[in-house]
1. Picking from Met33, Met38, Met60, Met1, which residue would you name as being at pLDDT below 95, away from the ligand (no atom under 16 Å from the Cβ) and not β-branched (Val, Ile, Thr)?
2. Against the condition within 20 Å of Met172 (Cα to Cα), β-branched (Val, Ile, Thr) and in a loop (DSSP other than H, G, I, E, B), how does Val249 come out, does it pass?
3. If we scan segment 120-142, do we find a residue that is in a strand (DSSP E or B) and out of contact with any Pro (no Cβ under 8 Å at 6 or more places or on another chain)?
4. Is at least one residue of segment 49-61 among the polar types (S, T, N, Q), assigned by TED's automatic domain parsing to the domain that holds Ala193, within 23 Å of Glu255 (Cβ to Cβ) and in contact (Cβ under 8 Å) with a residue 40 or more places away in the chain?
5. If you check Ser174 against the conditions, is it of a type in the set (Gly, Ala, Ser) and in a loop (DSSP other than H, G, I, E, B)?
6. Go through the residues of segment 182-203 one by one and say whether even a single one is more than 16 Å from the ligand (Cβ to nearest atom), assigned to a loop (DSSP other than H, G, I, E, B) and more than 19 Å from Gly92 (Cα to Cα).
7. Could you list all residues from segment 153-171 that are under 25 Å from Phe299 (Cα atoms) and out of contact with any Phe, Trp or Tyr (no Cβ under 7 Å at 6 or more places or on another chain)?
8. Within segment 63-72, restricting attention to residues that are within 16 Å of the ligand (Cβ to nearest atom) and surrounded by 18 or more Cβ atoms within 10 Å (Cβ to Cβ), which residue is nearest to Pro220 (Cα to Cα)?
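The values are calculated or read from the model by the stated rules, or taken from the named source; none is laboratory data. Because the structure is a prediction, the values reported are computed rather than measured. Here Cβ is always computed from backbone atoms with ideal geometry, including for glycine, and neighbour counts include all displayed protein chains.
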Amino acid sequence: MRVFNFSAGPAVLPEQVLRRAADEMLDWHGSGMSVMEMSHRGKEFISIAQKTEADLRTLMAIPDNYRVLFLQGGAMAENALIPMNLLGDKTGADYVNTGEWSKKSIKEAKKYCKVNVAASAEDRDFTYVPPQSVWKLDPNAAYVHICTNETIGGVEYHWVPDTGAVPLVADMSSHILSRVVDVSKYGVIYGGAQKNIGPAGVTLVIVREDLLGRALAITPSAFDWKLQAENDSMLNTPPTYGIYIAGLVFEWLLEQGGLASMEQKNIAKANLLYDYLDQTAFYSNPVAKADRSRMNIPFRLADTSLDDAFLQGAQERGMVQLKGHRSVGGMRASIYNAMPIEGVQRLVEYMKEFERSHG
Ligand code: PMP
C-alpha cells in the first residue's frame, strides 16, 4: 500500500515512473542490462542523457544560449561552487536572505568572497520576500543570489527580480518544474533533484553560456561548469541512474501537459490547504499571503501539545512525513508535482476531523 508522502525531500515520485523503472530494471530496451550497469560513454546511456536534456529543454523552454549540466554534490555543494565559478575578477556578490536555505548559501559563499546581504526578511522572522524596492544592490557584484522557494519557511518568489546587467542566480531546488519560468531572466538556475526531478544524487545547473569561463583557479575540475559543459557533463562519471529517472519524470511531466498544466494543478492543491488554514484558528500559517509557497506549506497547531497526536492520526490514515523541519517545529506539508490532489484532500479532511475532535 502506497502512502501519501509529504516529505520535503527526498520526496514522492510519480507512481508511473517507479513502475516503468521497475519494468526496465533488469533489461533496458533489449540492452540486456540495467541502466545502472551501463557505461556512461556507451550509446545506450548517451541516448538516455540526450533525451533527458532535450525533454528538460522542451519543458522549461530553455533558450539555446544556456547550457544544462547534470552534476553531483547537491545544492549544498553549489553554494560553494557558485562563487568559485562566477567570481572571475570580482571580489563580492549580493545575497537576499529569505530564510534557512538563503542563510546556508550566504554562510558558504563567505568562505570565498565578500557577501553583501542586499536585503533580509529577518525583521519579520523570514515570513515574506522583501520587495526589490528595499534591496541595496552593489553594482560591482559578480552576481545576485536568491532562493526562490524556501523549503523550510514556505516562502516563494512569485515575481522575478530585475538585476540589470548583474546575473541573477537562483536556488530553485524545491520548486523547479512546479511552474512556468522565464529562464532568460536568470544567469544561473540550480537545484538538487530530490524534490521535483528525481532521486538524490543529481544536481541540475542551467547556466547562461557567457558566464562560463569565470572560474577561480582553485575550482575542482569536476565542479568547473565550463569544463563540464565542454564535456556534456561527462568530465567524470555522472549520476547515471538518477539522470535516467529524471528523464522518466520529464516524460511524465510532458504527458501531464507540461509546466503550465502542472502549475494550475499546483495552485489548486495549495489553495485547498491555504483556504482551510485561513478560516480556522486551530491551525495557522505565518507567511505573507503574496509570498506563500505552493510546494512547502508549514503550519502550526495553536495547541502544540497536540502535535504528537496529530502526527499519529495522520500516520494511521496513510499520511506520513508531516512533521516540520527540526529547526522550526510544527508541521509542514510538502506537496510537490507528484503529490496527487487526493493526498491534499485527505489531509484537509483529516485536519478538519482532528479540529472537531480536539477543538
Ligand atoms: N536549497 C534548498 C532550497 C533546499 O531545499 C535544499 C535541500 N532541502 C538545499 C538547498 C540543499 O540541497 P542538497 O541537500 O541537495 O545539497
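1. When all the criteria are applied, what remains is Met1.
2. Criteria not met by Val249.
3. No, every residue in segment 120-142 fails to be in a strand (DSSP E or B) and out of contact with any Pro (no Cβ under 8 Å at 6 or more places or on another chain).
4. Yes.
5. yes
6. yes
7. Passing the criteria: Gly154, Glu156, Tyr157, His158, Trp159.
8. So, considering only residues that are within 16 Å of the ligand (Cβ to nearest atom) and surrounded by 18 or more Cβ atoms within 10 Å (Cβ to Cβ), the one nearest to Pro220 (Cα to Cα) is Leu71.
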